[in-house]
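This report refers to the structure that appears directly beneath it.
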Amino acid sequence: MRLFKVNAQPGKAASRILPLLPFIICIIAYMITAQIRHQENPKDKLVPTGKQLVDGFRRSAIEADRKGEHRLLVDTIASTRRFAIGVAFLFLGILIGLHMALLPYADLLFYRFILFFDKIPALAVLPILFIVFGLGEVSKIALIVMGVMPTIILDTYLRAKAIPREQVTKALTLDASHLEIIYRIVLPRIFPKVLDTIRLNLKAVFLFLIAGESLAATAGLGYRIFVVRRYVAMDIIIPYVLWISLLAFLADLGVRVWIKKWYPWVDK
Amino acid sequence: MPDHVIRIEEASQRYPGSEGQMRTVLNGINLRITRGEFVTIVGPTGCGKSTLLRLILGSERPADGKVLMNGVEIREPDRNRGIVFQRYSLYENRTVRKNVMLGLELERFFLFEPCFRPWRCREKQREFREKADNYLERVGLLEHADKYPHQLSGGMRQRAAIAQAMVMQPEILLMDEPFGALDVGTREAMQVFVLEQWRQDHQTIIFVTHDLEEAIFIGSRVIVLSHYYSEDDGSPAKGARIVKDVPVAWPLPRPTEVKHTREFNELMISIRREGLDPTYLQHIRDFDLSHADAAWWDTKLGWEKQ
């Protein structure tokens, strides 16, 4: 069997078709299920047909609701804003980790603490965040920061620690000041790698974003899904889920392209 | 006062060893180096050659004794002593040219100046670029200036590292087994290359290697560091000492045929015996310290510093 050979060399047709196959199977399986259920009960709400999904997407995206707003747009803007602010804080995390790794006093002061902080499940303190920061934007962004920033700090820390000692010594012989070593030698070297870690953690950012929105918000992608859940509006929920996934995929792709374009020396 | 750029006085170094005891690596090193010399340091594995170099570089401080440069104690690596390591000398996120320009930029710009005042820096940078290109031409890498280190061969990478260090015009160039990772052919070409550089401006060079042939061929003075000796009363050695310190005077430019001459081979045999043979334990008083700058041992006076 060729299927079970580690050194198999798939042909051109196979390399084109096989990656698409799972998508196609899922879509067909869904459509068949919807077909069957609608034949049994034309008012079925759990598995809307393709036509109903398109209609649901159209109603959210293109038509204005009673308040005259385009819901999908409003929700996307609200969520993107929280997402962007959360990610901006992650970049602050890079600076924190960098200093911890290179300045022994900062290391002593913060490393244990961050290590412990990292272990606190952010969702468990969500009630505290709501109590302290109220139900507004701050608590939702604080949730993202609490959930993901320690990971970024620790990753930056380890990467900066892994820089060969020789390169720091070398920089001193090239008349680098200690701050120049931090910002002009080590930071540019680890930045693309840390960027990649942020990319991998975008999923967690979305997770905390939706968790925060689902509990208290007036707009947002996660908020909408949980609101329409009450009406079992699957024709809205499914397009929203796909839309969120698409946004996450694009964010991920964007970072990957950014790294490839601007840091050709990475992983060489 | 003679022109000794480096003076090491009774320097010792100890590291924590097994069972919580301190292990002496270097023991009472006395060394003076004159400007323009090409000093090679050779010795058996683990004898502390690189430790001695790190003391001179300043990335380590001696446990006892002093390491002085121009009469001032060395505390930290600085721009007066350039270094070429066996690996990691180049920054892989910079092209070859940017690697060579790095030192000039670090020296002349303050931290974020290129961001705050780009118009002013651009002019300077053009000047740096010209200077960097001069050095790259000298090491034969001008056509590869825009490549990243990972695109270069091992020999080219070391030549770039040498240019990166030399562009700062340091008083001393330190090299820590710079050719240790290269294949035999490239290594010999690099030896000739370094000699050629030295012939041009007689830059003071301190060159650490474990390759005896390389040490004898390339230097103007060979220092053998070894822990294979015994104290004069016959007790075992504690830490490495300089067991041999001799001038070598091959012609310049130096054909590689020198390596096949009788004197070359005799010197190799004697160093191999006195420095690298664990069964041959010389007494301290018998050390061959015939270089004019060598400190010699006097049974009554101890280490005599001229």
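Nothing in this text is a laboratory measurement; each read-out follows from the coordinates by a stated rule. Everything numeric here is computed off the predicted structure, so don't read it as measured data. In this analysis, Cβ positions are derived from the backbone assuming ideal geometry, glycine residues included, and neighbour counts consider all displayed protein chains.
Taking 0.36 nm per residue of separation and subtracting the Cα-Cα distance, what length does fully extending B:Leu281 through B:Asp233 add? Walk me through the numbers before you get to the answer.
Values: separation 48, 0.36 × 48 = 17.28 nm, distance 1.21 nm.
Additional length available on full extension: 16.1 nm.
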Measuring from centroid to centroid over Cα atoms, what is the spacing of the stretch A:46-70 and the stretch A:106-175 in Å? 41
To the nearest 0.05, the calculated FRET efficiency linking A:Glu69 and A:Arg37 through their beta-carbon distance, R0 being 30 Å, is 0.40
Computed on Cα atoms, the radius of gyration and Dmax of the stretch B:158-306 in angstrom are 16.8, 50
Based on DSSP loop calls and a cut-off of at most 14 other Cβ atoms within 10 Å, the longest stretch of chain B free of exposed chymotrypsin sites (Phe, Trp or Tyr not before Pro) is what? B:113-279
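So which trypsin sites (Lys or Arg not before Pro) in the stretch B:24-80 pass both tests, a DSSP loop state and at most 10 other Cβ atoms within 10 Å of the Cβ? Before the final figure, lay out each step's value.
Details: sites: B:Arg32, B:Arg35, B:Lys49, B:Arg54, B:Lys66, B:Arg75, B:Arg79; in loops: B:Arg35, B:Arg75, B:Arg79.
Within the stretch B:24-80, the qualifying trypsin sites (Lys or Arg not before Pro) (loop, at most 10 other Cβ atoms within 10 Å) are B:Arg75.
Send over the Kirkwood Rh of the protein assembly as shown, from the inverse of the averaged 1/r over different Cα pairs, rounded to one decimal Å.
Working: mean 1/r = 0.0343 Å⁻¹.
So the Kirkwood estimate lands at 29.2 Å.
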Between B:Leu252 and A:Leu246, what is the label-to-label distance in nm when each label sits 7 Å out along the Cα-to-Cβ direction? 7.2
Within chain A, longest stretch free of exposed GluC sites (Glu not before Pro) [DSSP loop, at most 13 other beta carbons within 10 Å]: A:70-268
Bin width 5 Å, origin at 0, all Cα-Cα pairs of the stretch A:81-217: what percent of pairs per bin? 2, 10, 19, 19, 17, 13, 9, 6, 3, 2, 1, 0
q = 0.14, 0.15 Å⁻¹, the stretch B:76-207: log10 I(q)/I(0) [Debye, one scatterer per Cα]: -0.61, -0.70
In Å, what Kirkwood hydrodynamic radius results for the stretch B:1-132 from the alpha-carbon pair distances? 17.7
With R₀ set to 56 angstrom, the calculated FRET efficiency between the beta-carbons of B:Arg23 and A:Ile128, to the nearest 0.05, is 0.60
Quantify how strongly other chains surround peptide B:74-81 by giving the mean number of their Cβ atoms within 10 Å of each of its Cβ atoms. 3
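Please average, across the residues of B:82-92, the number of beta carbons from any other chain that are within 10 Å of each residue's own beta carbon, and give a whole number.
5
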Simple spin-label estimate for A:Lys119/A:Met1, 7 Å along Cα→Cβ, in nm, reads 4.5
Calculate the all-directions average of the projected area of the stretch B:91-169's alpha-carbon convex hull, and give it in nm². 4.9
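Kindly identify chain A as rounded, prolate or oblate by the Cα gyration tensor criterion: order the square roots of the eigenvalues as a ≥ b ≥ c, call it rounded if a/c is under 1.5, otherwise compare a/b with b/c, prolate if a/b is larger, else oblate.
Working: a/c = 2.72, a/b = 1.51, b/c = 1.80.
Verdict is oblate for chain A.
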At 222 nm, what value in deg cm²/dmol follows for chain B if DSSP H runs of at least 4 each add -39500 (n - 2.57) and the sum is divided by all its residues, to the nearest 500? -9500 deg cm²/dmol
Nearest 10, in degrees from 0 to 90: the angle of helix B:118-138 to the longest Cα principal axis of chain B is 50
